[in-house]
């Protein structure tokens, strides 16, 4: 029983990380109507920005965290202004293919600057907290708490601010939102800022939980998309539920399967939900 509960803790931590990435993917799809395949590498870039703050500028982790979130958001907006905004009138498949090219460029840039080796934020051994036989690392508490805090802030933003309501309106019907006087370009930029912030946070938390590597985000991309599809692509709240299901399923699969098969579990769940309910558990394409 203790081993099962320990795996549940690991699943919640992993699900929290996946949720941040899946929310960003859902926001981008809900407003821009294309699957952003460079999102995993955007997560990796955010993690390495934090590494630059910690190792390169000797900043405390919380300061490096804020720096990385801002820098990644700027990169996300820059990519949109330089590339995606020029392709808004073309087929979504062209945007998807372009995002694959962006992913390759970001990954190569990370390898050129930071190298191909594993990195860590800080050396040394962190002693876990023990409760009734369960071992909980302080970083795991930070990850779950930080992810929950960011998701709460996003919820409040979407539900109680003018720009949040504009994002929801544009996700529901872009043409009607434009005719209603909503500045759609401003909404697009805001979407990329939020997606970039969440991607950076996911990458940093993943680096805290494991290690930094240039393909860390790419490896997490399948679970991220599986979570977004499971909850209903374009539904941020569904993405959170889907992420927790995927995270728990991946970790629990280690009870009967080798850990190397965890990505296959995410893929299997994604296929099952696409066959059984293509619109996801919560359905639709709106916020």
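The values are calculated or read from the model by the stated rules, or taken from the named source; none is laboratory data. All of these numbers come straight from a predicted model, not from anything done at the bench. No Cβ is skipped: glycine too gets one built from the backbone with ideal geometry, and neighbour counts run over all protein chains shown.
Of the residues 281, 256, which is surrounded by fewer than 20 Cβ atoms within 10 Å (Cβ to Cβ) and within 22 Å of residue 32 (Cα to Cα)? Working first, answer last.
Working: 256 fails: within 22 Å of residue 32 (Cα to Cα).
Of the residues listed, the single one that is surrounded by fewer than 20 Cβ atoms within 10 Å (Cβ to Cβ) and within 22 Å of residue 32 (Cα to Cα) is 281.
Being on the phi > 0 side of the Ramachandran plot and in contact (Cβ under 8 Å) with a residue 12 or more places away in the chain is the filter here, so list the residues in region 27-80 that pass it.
Passing the criteria: only 33.
Scan region 32-47 residue by residue and report those that are buried (at least 24 other Cβ atoms within 10 Å of the Cβ) and at pLDDT below 95.
36
Of all residues being in a helix (DSSP H, G or I) and surrounded by fewer than 13 Cβ atoms within 10 Å (Cβ to Cβ) in region 164-182, which is farthest from the chain's Cα centre (by Cα)? Just the residue, please.
The selected residue is 179.
Anything in region 74-96 that is surrounded by 13 or more Cβ atoms within 10 Å (Cβ to Cβ) and modelled with pLDDT under 90? List them, or say none.
85, 87, 88, 92, 95, 96
Which is part of a helix (DSSP H, G or I), over 15 Å from the mean Cα position of the chain (by Cα) and touching a residue at least 12 places away in the same chain (Cβ under 8 Å), of 281, 273?
It is 273.
Restricting region 13-31 to residues that are farther than 15 Å from residue 202 by Cβ and under 16 Å from the mean Cα position of the chain (by Cα), which is surrounded by the most Cβ atoms within 10 Å (Cβ to Cβ)?
Step by step, filter region 13-31, then rank; the result is 30.
Looking at 237, 261, which one is under 28 Å from residue 85 (Cβ atoms) and surrounded by fewer than 18 Cβ atoms within 10 Å (Cβ to Cβ)?
The match here is 237.
For region 203-249, which residues satisfy the criterion of being in contact (Cβ under 8 Å) with a residue 40 or more places away in the chain and in a loop (DSSP other than H, G, I, E, B)?
Matches in region 203-249: 211, 213, 214, 215, 232, 233, 234, 235.
Of everything in region 183-200 that's more than 16 Å from residue 168 (Cβ to Cβ) and buried (at least 24 other Cβ atoms within 10 Å of the Cβ), which residue is farthest from the chain's Cα centre (by Cα)?
Only one residue fits best here, namely 192.
Keeping to region 186-202, report how many residues are within 16 Å of residue 29 (Cα to Cα) and either without any contact (Cβ under 8 Å) to a residue 60 or more places away in the chain or in contact with a strand residue (DSSP E or B) (Cβ under 7 Å, 6 or more places away or on another chain) (or both).
The number of residues fulfilling the criteria is 1.
I'm trying to understand the selection: among the residues of region 26-79, which are touching a strand residue (DSSP E or B) at 6+ places or on another chain (Cβ under 7 Å) and closer than 14 Å to residue 198 by Cβ?
So the first thing to find is which residues in region 26-79 are touching a strand residue (DSSP E or B) at 6+ places or on another chain (Cβ under 7 Å), and the list is 47-48, 51.
Within region 26-79, just 47 meets the criteria.
For residue 145, all conditions in the list (1) outside any loop (DSSP other than H, G, I, E, B); (2) more than 16 Å from residue 44 (Cβ to Cβ); (3) over 23 Å from the mean Cα position of the chain (by Cα); (4) free of Cβ contacts under 8 Å to residues at least 60 places away in the same chain hold save one; what is the number of the exception?
(3)
When the residues of region 48-59 are filtered to those that are in contact with a helix residue (DSSP H, G or I) (Cβ under 8 Å, 6 or more places away or on another chain) and over 21 Å from residue 213 (Cβ atoms), which remaining residue is surrounded by the most Cβ atoms within 10 Å (Cβ to Cβ)?
59
Go through region 141-163 residue by residue and tally those that are surrounded by 19 or more Cβ atoms within 10 Å (Cβ to Cβ) and either at pLDDT below 95 or within 15 Å of residue 187 (Cα to Cα) (or both).
2
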